[in-house]
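The values are calculated or read from the model by the stated rules, or taken from the named source; none is laboratory data. Bear in mind that the values here come from a model prediction, so they are computed numbers and not experimental data. Note: ideal-geometry Cβ built from the backbone for every residue, glycine included; neighbour counts use all protein chains shown. Just so you know, the surface numbers come from the protein's heavy atoms only, side chains and all, with ligands and any DNA or RNA stripped out. Shrake-Rupley method; radii C 1.70, N 1.55, O 1.52, S 1.80 Å.
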Amino acid sequence: MDWFKNWFDSFYYHKLYRHRNTAEAQLFIDNIIQFIQPKADSLILDLACGKGRHSIYLNKKGFDVVGVDLSHNSIEEANRSANDSMHFYQMDMRELTCTKPYDLVMNMFTSFGYFQHKSDNLKVLKGVHSILKPNGILVIDFLNATKVIQNLVSEERQVVDTITFTINRLIEDLTVVKKIHVQDGPEEFHFEERVSMFELDDFKEMFAQSRFKLLHHFGDYALSPFDPQKSDRLILVAQKM
């Protein structure tokens, strides 16, 4: 089974990542929306939405929002916040469907590059292209691969509510791999996370193959210029051609 089907739907994933930085996420949304200036009646897709924290904030800003995620548990939680202008669906990002096209697709918090084969990641981009309106916009909030590789922490341990998480990191075939060992009382579990170390040139190539034009790229949530050695993020804004 693919690693993400087990990990993202598990109790322990949500326990380990229980403290998402909501203020930071909202700052980024404020900045990117101010930069893109979508129309007030825009329909936005939150691709790989998790429990919907980005979707909820976008909806509070007045936009109609759809969130999709592979995790049944996450979508179940997100649907507790659903309303007439915000809906959530369980969906594989490689198999996107829609009832009407989107003005803007947002892929947040390193929710790309999960698949072993580059063709599957490319399939995601082609799927996004197919559900966007003409000249629609795609935003990808990705990690800065160069900085991640240079500053990789090989091992760490966290204790959360008596549960011990031991996390080992390594680079394997241009992929950052987290091996996560969970000790919960007498029970032990093992999970993995894998994210391809795509750099700016990789995205440019994939955009060209999926008929997107890269408009802008930034290095953090304040939309500062991207520096491969120093930036925390690689944020991309592309337009459907």
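A count restricted to the range 32-52 and to residues that are at negative phi, touching a strand residue (DSSP E or B) at 6+ places or on another chain (Cβ under 9 Å) and not aliphatic (A, V, I, L, M) stands at 8. Only a single item in (1) part of a strand (DSSP E or B); (2) touching a strand residue (DSSP E or B) at 6+ places or on another chain (Cβ under 7 Å); (3) surrounded by fewer than 16 Cβ atoms within 10 Å (Cβ to Cβ) is not met by residue 159, and it is number (2). Checked against (1) open to solvent by 60 Å² or more (accessible area, probe 1.4 Å); (2) of a type in the set (D, E, K, R); (3) assigned to a loop (DSSP other than H, G, I, E, B), residue 94 passes all but condition (1).
Against the test of being open to solvent by 60 Å² or more (accessible area, probe 1.4 Å), of a type in the set (Val, Ile, Thr) and modelled with pLDDT of 95 or more, the options 176, 237, 139, 153 yield a single qualifying residue, 153.
Residues that are farther than 27 Å from residue 6 by Cα, at pLDDT 95 or above and open to solvent by 10 Å² or more (accessible area, probe 1.4 Å): does the range 46-57 have at least one? Within the range 46-57 (the criterion being farther than 27 Å from residue 6 by Cα, at pLDDT 95 or above and open to solvent by 10 Å² or more (accessible area, probe 1.4 Å)), the answer is yes, since at least one residue qualifies. Does the range 1-42 hold any residues that are open to solvent by 60 Å² or more (accessible area, probe 1.4 Å) and in a loop (DSSP other than H, G, I, E, B), and which are they? 1, 2, 18, 19, 20, 21, 37, 39, 40, 41 - these are the residues of the range 1-42 that are open to solvent by 60 Å² or more (accessible area, probe 1.4 Å) and in a loop (DSSP other than H, G, I, E, B). Being under 25 Å from residue 27 (Cα atoms) and in contact (Cβ under 8 Å) with a residue 12 or more places away in the chain is not true of residue 115. One residue stands out among those in the range 182-234 that are assigned to a loop (DSSP other than H, G, I, E, B) and without any contact (Cβ under 8 Å) to a residue 12 or more places away in the chain: the one that is least open to solvent (accessible area, probe 1.4 Å), which is 224.
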